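The structure appears right after this line, and notes come after that.
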Amino acid sequence: MTDPTASPEDHWNKNVRKGTVVSRANSIGSTSASSVPNTDDEDSDYKESYKDRRRQAHTQAEQKRRDAIKKGYDDLQAIVPTCQQQSEFAVGTQKISKATVLQKTIDYIQFLHKEKKKQEEEVSMLRKEVMALKIMKTNYEHIVKAHQNNPQQGDEQVSDQVKFSVFQNIMDSLFQSFSSSVSVASFQELSACVFSWIEEYCKPQTLREFVVGVLRQLNSQLY
């Protein structure tokens, strides 16, 4: 309410004071409003940053996985001989496909298994031959010991005819087994039968037993 007794100067000062108060109030209000943090914007920024970090971590993990797979294929290609050969004959920048690398790796592993089995069979056969040689060694030691105990038994010199007779008996027996076991219908059958005959009739143990039999027979004829 306006005071009728107030002078125009008083009215002007009063209005100035009102304007100053309003201005100060507005300034305080704007300052207070600006000082309040905007939580919605901060939450949005944090979520976006979290998503970016997860995306980067996933990308890095996926890249490591791809690098590991690529290294595995490269290692297989470097180890498997057939892959190396195909790489040498590859045209230009053409690379071997992953499917080809896997198939050739499987083939190579199967080949190694067969070679291992073959080597195990050869080792078994060699062990049997070693055992046969040990038996022959023992028998020869017995023969030498018997000769030392009865040295007069071998004083008489054996003629060349007797030596040839021993050799002839051995060869006749071998030829008989060879003739009955080896087929000459084709070269392929001949080759297969020869190796089979060698495995069966030319083992150290078999030859040793036959030679011992021939010597015993000859010894009974001479003495």
**OP:** Those residues that are open to solvent by 80 Å² or more (accessible area, probe 1.4 Å) and under 17 Å from the mean Cα position of the chain (by Cα), I need them from the stretch 113-144; list them, please.
**Re:** His113, Lys114, Lys116, Lys117
Subject >> Criterion (at pLDDT below 80 and under 16 Å from Val211 (Cα atoms)) met by exactly one of His142, His147 >> reply: His142
Subject >> Filter pass, Gln152 being at pLDDT below 75 and either open to solvent by less than 80 Å² (accessible area, probe 1.4 Å) or part of a loop (DSSP other than H, G, I, E, B) (or both) >> reply: no
Original post:
For residues in the stretch 177-219 being among the small types (Gly, Ala, Ser) and in contact with a Phe, Trp or Tyr (Cβ under 6 Å, 6 or more places away or on another chain), which is surrounded by the most Cβ atoms within 10 Å (Cβ to Cβ)?
Top reply: Ser177
Original post:
So which pairs qualify, if the first residue must be in the stretch 82-109 and at negative phi and outside any helix (DSSP H, G or I), the second must be at pLDDT below 85 and surrounded by 11 or more Cβ atoms within 10 Å (Cβ to Cβ), the Cβ gap must be under 6 Å, and the two must be at least 6 apart or on different chains?
Top reply: Ile96/Gln86
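The values are calculated or read from the model by the stated rules, or taken from the named source; none is laboratory data. Only a predicted model underlies this, so the values are computations on that prediction, with no experimental measurement involved. So basically every Cβ, Gly included, is an ideal-geometry build from the backbone, and we count neighbours across all protein chains shown. Accessible surface areas use protein heavy atoms only, side chains included; no ligands, DNA or RNA. Shrake-Rupley method; radii C 1.70, N 1.55, O 1.52, S 1.80 Å.
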